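Working notes, beginning with the structure itself.
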Amino acid sequence: MKAYFLWKELNAIIKNSHNRGINFPETISESLMCYALDFELNRGTGGDARNPETDEVCEAKATSNWDRDTSSFSPSEDFDRLFFVRLNQREDSISIYDLELDSNDLKQISVSSTQTVGDQQAEKRRPRFSIIKKIIEPNDIQPVASIDLRTKKLTKH
C-alpha cells in the first residue's frame, strides 16, 4: 500500500506541470487485487494472477479514474476470469469487481458498430473499450471486495 501513496504523490507532481498524469501501475493494482482476494501473482506465466482454490488464471484491468476507463486487451488474451480494479483517488480506496467473464466471453463484446473484441483480436489489433460502460453498469455488477488504502481495511462483499 506504500507503493500506492508514492505513486499518488508522483502523479500529483506530474499533473501539476503537465495536463495528464501517469497511469495507475499494474504492479500496484494487481498486487492489491491479489491481497484482497487471496490470489497469487503470476510472475512470468499467463494472466496476472492465479486463484489457488480453483487454479483459474485471472486477468486484472484497472482504472485510476472512478468515473471512466479505457481498457485494452492483447490479441492473444487467455484467461479464466476477468477482474476490474476501480480506484477512488479522493477516498484512497479501491473496489474490485469479478466480471465473471473468461477470454471467450470477452470476444463477444462489441467495440464498434461493426466489430467485437474477437474480430479485432483476429486482426491482431488491441481492442479498447470501457469496462465500466460496457460490462459493470449494464449488468449492475457490484464489487466483491474493497480496500480502504488509508486504514488498510479490507471488506469482502
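For the reader, a short list of remarks on this structure follows.
- Qualifying trypsin sites (Lys or Arg not before Pro) in region 75-113, where qualification requires a DSSP coil assignment and no more than 10 other C-beta atoms within 10 Å, comprise ARG90.
- Expected 222 nm ellipticity per residue - DSSP helices of 4 or more, -39500 (n - 2.57), all of the chain, to 500: -7000 deg cm²/dmol
- For region 66-157, the set of chymotrypsin sites (Phe, Trp or Tyr not before Pro) satisfying both a DSSP loop assignment and a count of at most 12 other C-beta atoms within 10 Å is empty.
- For region 10-55, the calculated P(r), taken from all Cα-Cα distances in 10 Å bins from zero up to the bin holding the longest distance, is 25, 36, 21, 16, 2 percent.
- Counting only Cβ charges, +1 for Lys and Arg and -1 for Asp and Glu, the dipole size of the chain around its Cα centre is about 860 debye.
- On Cα atoms only, tilt of 2-17 relative to the major axis of the chain in degrees: 90
- Gap separating the Cα centres of region 41-88 and region 121-157, nearest whole Å: 9
- Fewest-first ranking of VAL117, VAL111, using other Cβ atoms within 10 Å as the exposure measure: VAL111, VAL117
- Helix 26-37 and the longest principal axis of the C-alpha atoms of the chain enclose an angle of approximately 90°.
- Pairwise Lys count, region 40-157 - Cα closer than 20 Å, eight or more residues apart or different chains: 8
- Size-normalised alpha-carbon gyration radius of region 2-156, reference 2.2 N^0.38 Å: 1.05
- Each residue in GLU77, GLU100 was given a count of other beta-carbon atoms within 10 angstrom of its own, and listing them fewest first yields GLU100, GLU77.
Every number here is computed from the coordinates shown, using simple stated rules; none is lab data. Keep in mind the model is a prediction, meaning the values are calculated, not measured. Note that we place each Cβ from the backbone using ideal geometry, even for glycine, and neighbour counts take in every protein chain shown.
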